[in-house]
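Comments concern the structure below.
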Amino acid sequence: MKISAQIDLIVDRINEILHEVEDLKKQLEVLEKRNEQLSNYLQKEDKSQSVGNLIKLYEQGFHICHSSFGRMREEDCIFCLNVIDRTE
Ligand SMILES: [Zn+2]
């Protein structure tokens, strides 16, 4: 094979590789976006789960407000309700 033909083959191969690199970059971009969306989703899930736990605790008759957290409550507490309002 002539040298010029070999060079043509190498140039073709380099172009193929550059093409593949471009494709991979695009795929990576898509995956990074998806990863970010999933992370955001999981963070929200986490937050809503801990809010859910607070509400459960309140419904079981405990304070979840800052000043009386964990103490038994006799009636509705406006501070606790405020905590639930703020986190929902
Ligand atoms: Zn309270």
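Listed values, structure above:
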item	result
Alpha carbon Rg of the chain, scaled by the compact-globule rule 2.2 N^0.38 Å	2.44
Computed [θ] at 222 nm, helices only, for the chain once each DSSP H run of length n ≥ 4 contributes -39500 (n - 2.57)	-28000 deg cm²/dmol
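Values in this text are rule-based calculations from the coordinates and carry no lab data. Quantities reported herein were computed from a predicted structural model and do not represent experimental measurements.
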